[in-house]
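Only one structure is covered here, and it is reproduced in the block below.
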Amino acid sequence: MAFFEFKNVKIAGISAGVPKNIGNNLHPTEYDKVSSDYAPEDFVKTTGVLERRYSFELTTSDLCYAAAEKLIADLGWEKSEIEGIIFVSQTPDYILPATSCILQDRLGLSKECYTADISLGCSGWVYGLNIGASLVSSGGLKKVLVLCGDAKGRAKTAVRRLNPLFGSAGTVTALEYQEGAPAMQFHFGTDGSGFDAIITPDGGSRNPVTVNSFENYEFEGSETHRLAARMKGMDVFSFGITTAPKSVKKLGERYGFNYLDADYFVFHQANMKMNDMIAKKLKLPKEKVPSSMYHFGNTNGGSIPMTIVSELNGKIEDKETSFICCGFGVGLSWGTVAFKTNNVVISDLVEVSDEETDKVHVV
């Protein structure tokens, strides 16, 4: 069973960066991929997504960089003190090298910095937090940044299309060693038999890019191509509403706490219908389940910290607050974490313009 507990790790702060460009699903533009199955009003009602942020220029690392600079300044940390970067994304800058290496240089961190990339989507922040906590808990590294999100797509096609469910975001979670900090407890699971439930078919070594990768075809009522992610909606829905509640309950049973006592439950922002059903299965009061979907959409792996920044800024900083967070999706994979914050820094949301894309690290 994949359970972990790490002590002496404090979440010092959380930040998020988003593009300035706002897409509105009630007023689709020429870039928006509109399904013939839904009128705009019905789509918003069903998914819970009115707006989302987008950019054809900014990468995930651009958004994470802006969020990191803001959080480091808000914390008053010296960059020389930061000893590790974990970058979690399925939209890296390049196939290689690792984007975390680029961010080490761009942020001006020490060359003694530990860096690593993790290719995970919806469950990614919980996995990144787990790895970051493991590095800090032993006292090996004193301060670590977990950067998580997804943004710019992998391919430029003749006709650009934006999925009305998904938004771009880059988040940063700052971890530091603190003797006696409350334990962070984790549960993880994987079901690789569902690997194709959410998949980008081409672009890896299994199916290298060819001219056919750019050809449009229809999948579940929407036009797509083989360098874009596609999803079996009903399979993912069934997986999410079943797996997430079970994982939350298993975590409580393993570590002997009543999950209902948590102050907040922050789930991956899949869609409102799915998340409402998860909350209902767990018998959670609505006020304990914040959501950022209405204004930011499904922001993939970064959706949990994105929700904390956008919905809980000004509400939790000066008091001890207990959280249970669960990410679930592409893989298929899932992860749940229970933790407490106290005197945490929640930075104001950073809006990034297209002109702020990184020009230095372009080849």
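Observations
- Coupling constants for region 268-275 follow from the phi torsions by the Karplus curve (6.51 cos²θ - 1.76 cosθ + 1.60, θ = phi - 60°), and in residue order they are 3, 7, 6, 6, 5, 4, 5, 5 Hz; glycine and proline get x.
- Looking at the chain, the DSSP beta bridges with both ends there are about 70 percent antiparallel.
- Taking the Cα centre of region 159-301 as reference, the dipole from Cβ charges on Lys and Arg (+1) and Asp and Glu (-1) amounts to some 340 debye.
- Annotation: amide H-H contacts under 5 Å for residue 88 (H modelled 1.01 Å from N, sequence separation of 5 or more, or interchain): 118, 147, 148, 149.
- Residues considered: 60, 336, 29. Largest GNM mean-square fluctuation over the chain, using C-alpha springs under 10 Å, is found at 29.
- Put a plus charge on the Cβ of each Lys and Arg, a minus charge on the Cβ of each Asp and Glu, and nothing anywhere else: the dipole of region 36-105 about its Cα centre is then about 120 debye.
- Helices in the chain, meaning DSSP H runs of at least 4 residues, each add -39500 (n - 2.57). Divided by all residues, the mean residue ellipticity at 222 nm is -8000 deg cm²/dmol.
- With R₀ fixed at 41 Å, the C-beta to C-beta distance from residue 287 to residue 80 puts the FRET efficiency at about 0.45.
- Gaussian network model of the chain, Cα within-10 Å springs - most flexible of 50, 75, 165: 75
- Taking a point 7 Å from the Cα of residue 294 along the Cα-to-Cβ direction, the residues of region 260-281 with backbone N closer than 20 Å to it are 264-280.
- Between the residues 76, 116, 48, the greatest Cα displacement towards the positive end of the dipole of region 45-148, with unit charges on the Cβ of Lys, Arg, Asp and Glu, is found for 48.
- Of the residues 215, 57, 176, ranked by 1.4 Å probe accessible area with the largest first, the sequence reads 215, 57, 176.
- Cβ-based charge dipole, the chain, positive-most Cα from 126, 207, 296: 126
- The accessible area of residue 69, taken with all protein chains in place and a 1.4 Å probe, comes to roughly 60 Å².
- 20 Å cut-off, amide nitrogen to a point 7 angstrom out along residue 260 Cα→Cβ, residues in region 272-289: 276-289
- Summing Cβ point charges (Lys, Arg +1; Asp, Glu -1) relative to the Cα centre of the chain gives a dipole of roughly 860 debye.
- For the chain, built as a Gaussian network whose Cα springs stay under 10 Å, the top-fluctuating residue of 340, 152, 281: 281
- Surface accessible to a 1.4 Å probe, residue 339 within the full protein complex, Å²: 10 Å²
- Of all DSSP beta bridges in region 254-363, antiparallel share, percent nearest 5: 70 percent
- Inter-label distance for residue 345 and residue 214, nm, one decimal - labels placed 7 Å from Cα along Cα-to-Cβ: 4.5 nm
- Within the shell defined by Cβ-Cβ distances under 13 Å, the residues around residue 319 carry a net charge of -2, with Lys and Arg each +1 and Asp and Glu each -1.
The values are calculated or read from the model by the stated rules, or taken from the named source; none is laboratory data. Not measured: the values here are computed from a predicted model. Counting neighbours? That spans all protein chains shown, and the Cβs are built from the backbone with ideal geometry, glycine included. These area figures cover heavy atoms from the full protein model, side chains too; ligands, DNA and RNA do not enter into them. Shrake-Rupley method; radii C 1.70, N 1.55, O 1.52, S 1.80 Å.
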